[in-house]
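K.L.:
One structure follows; several queries about it will come next.
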Amino acid sequence: MKKLKKSELKENQTIQISGSKSISNRLLILESLFNTIKIGNLSNSQDTQLLKKALSETSSEVREDLEKKQDSPEQNTGNVDIHHAGTAMRFLTSYYSIQEGKTTVLTGSKRMKERPIKNLVTALQNLGVKIEYLENEGFPPLKIHGQKITQKTVAVPANISSQFITSLLLIAGKLENGLEINLLGEVTSKSYIEMTLNILTRFGIKNSFVGNTIKVEPFNHQSTIINYEVESDWSSASYFYSFAALGRQTIHLKSFFKESTQGDSAIVKIYKDYFGIETIFTESEHTITLKPDPEFIFPEKIILDMNNCPDIAQTLCVTAAALQLPFEISGLGTLRVKETDRLQALFNELLKLGTKTEITDSTIQSVSFGKPDENIIIKTYQDHRMAMAFAPFCLIQELEIEEEDVVEKSYPMFWEDLKIILTENS
């Protein structure tokens, strides 16, 4: 349990945030496939460390051997447990599919076994890969029989998790015929797909995204080492935007690029438009300054489609609730299948802040604002973003947050960094 006393925001403090988890995890897959990348400022998140370990370990070094339960385990079978790391589960599913002659059992935590993966598995099966569900149809754990993929065209629903599509894109350059992905319907979280394609382009893998068709050409392997400095994580930065919006003091963050490939860099415009937080880029130092506009007039209501940046929706909702600013947020369909059902979690926990909401399968909107609970205890539902998104409310009122260690999934230094920017009221 993390107790956050009512605090004030210090002026002009600087925070160094580690590399983007999203970029780091993509680069780790490419590094393992091609071995021509040198990565700087790698994310220190638990998700990234679990993925890194999974890529480097052999079948004799894994944490949990599910094959012990079988009477006659296959030869050359590896067993990998990625715990709560959803990105690792999705990226490794495709990665292990092209490890010719190797069978891998890929599993995770209880919650991971409840997170659907059928659309990705079906796409790989349609490409000729043999993948079995070991427990429930459509969910991990998986038994993946690695093989050579020669088929080059696959169709997938466009409204599925962008990580499913990215998982396929990351292995595409390794396939002898490349890959063409036809997206069926309206694309969800398009910015994350574009981030992946940008990384592939920088790596030298030719690709195109026209209409609903993505094409990736096979990569002619080169020996030149590419140095890739990972930009800091904009999702992690979002919590400090919330602190700046509530505390109305300046905060400096390192290391961020003005021309970012991360979809969550949308936080710059969102917090400028709705909360009066100007972002000043110092490009020579890769530093951003979050500067509240003292003359800012808050809007009557926030109406926003966050289809391209759903991971910062929790932060936005808490900021708006703290300011009792009405909000109506759409494009959040993927939040139902994250670490928890984030829309239901928001509905439950915002009530404790005095904010009543209505939710659908893809939207959340405020209904009324009242007095917060006298003793606020926020449940995280084992979701790192729930813990960090609600933390800025300590500028309004003391609160406690359950499962404080859950932040290790994406931002292990979060609680320590709060000590830098906050002064507790005596």
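K.L.:
Among the residues in the stretch 361-371, are any open to solvent by less than 60 Å² (accessible area, probe 1.4 Å) and part of a helix (DSSP H, G or I)?
P.N.:
Looking for residues that are open to solvent by less than 60 Å² (accessible area, probe 1.4 Å) and part of a helix (DSSP H, G or I), one finds none in the stretch 361-371, hence no.
K.L.:
Every residue in the stretch 328-356 that is over 22 Å from Ile376 (Cα atoms) and either at pLDDT 95 or above or surrounded by fewer than 18 Cβ atoms within 10 Å (Cβ to Cβ) (or both), please.
P.N.:
Within the stretch 328-356, Glu328, Ile329, Ser330, Arg336, Val337 meet the criteria.
K.L.:
Out of Asp361, Asp383, I need the residue that is of a type in the set (Asp, Glu), under 19 Å from the mean Cα position of the chain (by Cα) and at pLDDT below 95. Which one?
P.N.:
Asp383
K.L.:
Could I ask something else about it? What tally of residues in the stretch 269-298 results from selecting those that are of a type in the set (A, V, I, L, M, F, W, C), over 18 Å from Lys254 (Cβ atoms) and either open to solvent by 50 Å² or more (accessible area, probe 1.4 Å) or not assigned by the TED database to the domain that holds Asn12 (or both)?
P.N.:
Restricting attention to the stretch 269-298, the residues satisfying the condition of being of a type in the set (A, V, I, L, M, F, W, C) are 270, 275, 277, 280-281, 288, 290, 296-298.
Filter once more, so that each one left must be over 18 Å from Lys254 (Cβ atoms): 270, 275, 296-298.
Those left that are additionally either open to solvent by 50 Å² or more (accessible area, probe 1.4 Å) or not assigned by the TED database to the domain that holds Asn12 (or both): 297-298.
Counting residues in the stretch 269-298 that are of a type in the set (A, V, I, L, M, F, W, C), over 18 Å from Lys254 (Cβ atoms) and either open to solvent by 50 Å² or more (accessible area, probe 1.4 Å) or not assigned by the TED database to the domain that holds Asn12 (or both) gives 2.
K.L.:
The conditions are (1) modelled with pLDDT of 95 or more; (2) under 24 Å from the mean Cα position of the chain (by Cα); (3) of a type in the set (A, V, I, L, M); (4) open to solvent by 10 Å² or more (accessible area, probe 1.4 Å), and Ile401 fails exactly one of them. Which is it?
P.N.:
(4)
K.L.:
Another question about this same structure. Among the residues of the stretch 299-325, which ones are open to solvent by 50 Å² or more (accessible area, probe 1.4 Å) and either over 29 Å from Thr261 (Cα atoms) or of a type in the set (Gly, Ala, Ser) (or both)?
P.N.:
Selection gives Glu300, Leu323, Gln324.
K.L.:
Next question, about the same structure. Kindly indicate which of Thr201, Thr188, Thr150 is farther than 27 Å from Tyr381 by Cα, assigned to a loop (DSSP other than H, G, I, E, B) and of a type in the set (Ser, Thr, Tyr).
P.N.:
On the way: Thr201 fails: assigned to a loop (DSSP other than H, G, I, E, B); Thr188 fails: farther than 27 Å from Tyr381 by Cα.
Matching residue, one of Thr201, Thr188, Thr150: Thr150.
K.L.:
For the stretch 246-259, state whether one or more residues are more than 20 Å from the chain's Cα centre (by Cα), polar (S, T, N, Q) and assigned by the TED database to the domain that holds Gln365.
P.N.:
Taking every residue of the stretch 246-259 in turn, at least one turns out to be more than 20 Å from the chain's Cα centre (by Cα), polar (S, T, N, Q) and assigned by the TED database to the domain that holds Gln365.
K.L.:
A further question follows. Would you be able to tell me the number of residues in the stretch 83-130 that are in a strand (DSSP E or B) and out of contact with any strand residue (DSSP E or B) (no Cβ under 7 Å at 6 or more places or on another chain)?
P.N.:
The qualifying residues number 0.
K.L.:
Output the residue which, of all residues in the stretch 209-255 that are open to solvent by 10 Å² or more (accessible area, probe 1.4 Å), aromatic (Phe, Trp, Tyr) and not in a loop (DSSP other than H, G, I, E, B), is modelled with the lowest pLDDT.
P.N.:
Per the criteria, the residue is Tyr228.
The values are calculated or read from the model by the stated rules, or taken from the named source; none is laboratory data. Because the structure is a prediction, the values reported are computed rather than measured. Note: ideal-geometry Cβ built from the backbone for every residue, glycine included; neighbour counts use all protein chains shown. Quick note on the areas: whole protein, heavy atoms, side chains included, nothing else; ligands and nucleic acids left out. Shrake-Rupley method; radii C 1.70, N 1.55, O 1.52, S 1.80 Å.
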